[in-house]
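The values are calculated or read from the model by the stated rules, or taken from the named source; none is laboratory data. For clarity, every value in this text was computed on a predicted model and none was experimentally measured. Quick reminder, even Gly has a Cβ in these numbers, built from the backbone with ideal geometry, and neighbours come from all protein chains shown.
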Amino acid sequence: MMNGGFKWLLPGMRVKRWVALILLGLLLVLMAILLWDPWSLVTVENAMHDWILRHSLDKRWIALFAGVVGVGASIIGVQKMIHSIVEAVSPNEVEHLAERVYRKRSLERGPHIVVIGGGTGLSTLLRGLKAYSSNITAIVTVADDGGSSGRIREELGILPPGDIRNTLVALADTEPLMERLFQYRFSWGEGLVGHSFGNLFIAAMTDITGNFETAIKASSRVLAVGGVVLPSTLSKVRLKATYTDGSEVIGESQIPLAGKKIERISLIPAEVKPLPEALSAIEKADLIVLGPGSLYTSVIPNLLVQDICDALVASRALKVYVCNVMTQPGETDGMSASDHIKALFQHAQNKTIFSYTLLNNQRLTPGQARKYTSHHAYPIKNDLEEIRKLQVIPICAPLLDRSELVRHDSELLARALMKLLADVHAQAKS
């Protein structure tokens, strides 16, 4: 069996010619050094000197010419060799290879960011943050029991893949067609209607690899995910809501349907463990972001994993809560921004798990206001003085997407968070 290194010299590899050009360039550079330096090897110097005298040439002009040609040949040889290899492995990467390599290396030097939540809010945030760093860890709730995820959970006995799938796609650096495929939802086929292809893919990968955690890592490679996606726990948990009237409901999808004010959310079972990688990411983080997302069914469930909550308290990172823009019918009706923060602190055993909150101060258009009012959803009140009484610093900024839907803009949200991180670091240094 031929050694892997020698295989590059086999016919058809389209590498040998460029290796030869690189070697020629290096030889020319060596010759230039020998001509330029009077203390070079005597025998070679004398031989060249005699030749130069016979032809009436200045040896330093020859050295300069040889050096320039040699360096140029070496650079061209390296470029062409890399181009040939990349073209064979991934043809679509060739045209913008330098740009992609530079971007990838720049992102690798970005801050260590941990984002905690679930649902579409988490995906929105990640789409913006991935432009600033590839050192991102998303810790995602796994309490979903509705829709395609709920069916897979009940029928196959695995953790619900929906929020994990959305997070993977949000962090992906892959072809748009692959993203569309993972988000494709079947509208036909017996037993397939309503299922997401991505959910089925993760379910199949779980069966192939033997566990859910490995399936996520394998799916990350398929989607070229720039970061790490982790479930908040590998335990099969359900959410229980206790309302202010003392009644209870079990099941994430059922909680908003009661139309009652929520007093407390809890996990069944209560004692569950997070992945060690999640705790390590929180410990190393420069920035930790909670939300945006459904307060009681996407953000708070992660805090009910006790070790995650304790790690947040102990972390010295900049910790920020991104408050939602609108109230959520059946879940946060009538709640202000400070009410959201109080609920988070309450479920964190009244510990301060963040010091800043990012709030939208951009007004809705009349059309948006009418549309959402008809669905009993209203802009969340930014009661800044009440927030400050909780020892939390409010940061207000225009954060809305310019679509008909009222939601955060990925770029504006990420830019505001990175600016806050830079400002806090600058203050710490001054």
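Here the condition is being under 15 Å from Cys323 (Cβ atoms) and outside any strand (DSSP E or B); of Leu405, Leu358, Leu413, it holds for Leu413 alone. Checked against the criterion of being over 17 Å from the mean Cα position of the chain (by Cα) and part of a strand (DSSP E or B), segment 295-315 contains not a single residue that satisfies it. Residues that are part of a helix (DSSP H, G or I) and of a type outside the set (Lys, Arg) within segment 274-294 comprise Pro276, Glu277, Ala278, Leu279, Ser280, Ala281, Ile282, Glu283, listed in sequence order. Identify, from the list Leu267, Leu239, Leu287, the residue that is under 25 Å from the mean Cα position of the chain (by Cα) and either over 18 Å from Val140 (Cα atoms) or not charged (D, E, K, R) (or both). Every option except Leu287 fails the conditions. Restricting attention to segment 304-329, the residues that are within 28 Å of Lys260 (Cα to Cα), out of contact with any helix residue (DSSP H, G or I) (no Cβ under 8 Å at 6 or more places or on another chain) and not polar (S, T, N, Q) add up to 2. Restricted to helices (runs of 4 or more DSSP H) entirely inside segment 21-131, those with at least 2 residues that are at pLDDT 80 or above are 59-89, 97-108, 119-129. Only one of (1) acidic (Asp, Glu); (2) surrounded by fewer than 19 Cβ atoms within 10 Å (Cβ to Cβ); (3) under 20 Å from Gly293 (Cα atoms) is not met by Glu386, so which one is it? Every condition holds for Glu386 apart from (3).
A quick yes/no check of all residues on (1) modelled with pLDDT under 95; (2) out of contact with any Asp or Glu (no Cβ under 6 Å at 6 or more places or on another chain):
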| residue | (1), (2) |
| --- | --- |
| Gln254 | yes, yes |
| Leu257 | yes, yes |
| Ala270 | yes, yes |
| Glu283 | no, yes |
| Thr297 | no, no |
| Asn324 | no, yes |
| Gly330 | yes, yes |
| Ala343 | no, yes |
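All conditions but one from (1) within 27 Å of the chain's Cα centre (by Cα); (2) at pLDDT 95 or above; (3) over 18 Å from Asp286 (Cα atoms); (4) not charged (D, E, K, R) apply to Ile387; the one that does not is (1). For segment 194-223, the candidate set comprises residues that are of a type in the set (A, V, I, L, M) and touching a strand residue (DSSP E or B) at 6+ places or on another chain (Cβ under 8 Å); within that set, the residue that is nearest to Ile164 (Cα to Cα) is Ile216. In segment 335-356 there is no residue matching the filter, namely being surrounded by fewer than 22 Cβ atoms within 10 Å (Cβ to Cβ), β-branched (Val, Ile, Thr) and farther than 22 Å from Thr141 by Cα.
In segment 290-316, the residue that is surrounded by the fewest Cβ atoms within 10 Å (Cβ to Cβ) out of those that are in contact with a Gly (Cβ under 8 Å, 6 or more places away or on another chain) and more than 15 Å from Ser266 (Cβ to Cβ) is Ser294.
For segment 132-147, the set of residues classified as outside any strand (DSSP E or B) and under 25 Å from Gly227 (Cα atoms) consists of Tyr132, Ser133, Ser134, Asn135, Thr141, Val142, Ala143, Asp144, listed by residue number. Pairs are defined by a Cβ separation below 6 Å, a sequence spacing of at least 6 or placement on different chains, a first member in segment 1-29 that is on the phi > 0 side of the Ramachandran plot, and a second member that is at pLDDT below 75 and surrounded by 10 or more Cβ atoms within 10 Å (Cβ to Cβ); the pairs so defined are Arg14/Ser84. Restricting the first member to segment 316-345 and to residues that are closer than 24 Å to Ala422 by Cβ and in contact (Cβ under 8 Å) with a residue 24 or more places away in the chain, and the second to residues that are buried (at least 23 other Cβ atoms within 10 Å of the Cβ) and among the hydroxyl-bearing types (Ser, Thr, Tyr), the beta-carbon pairs closer than 6 Å and six or more apart or on different chains are Tyr321/Thr357; Cys323/Thr357.
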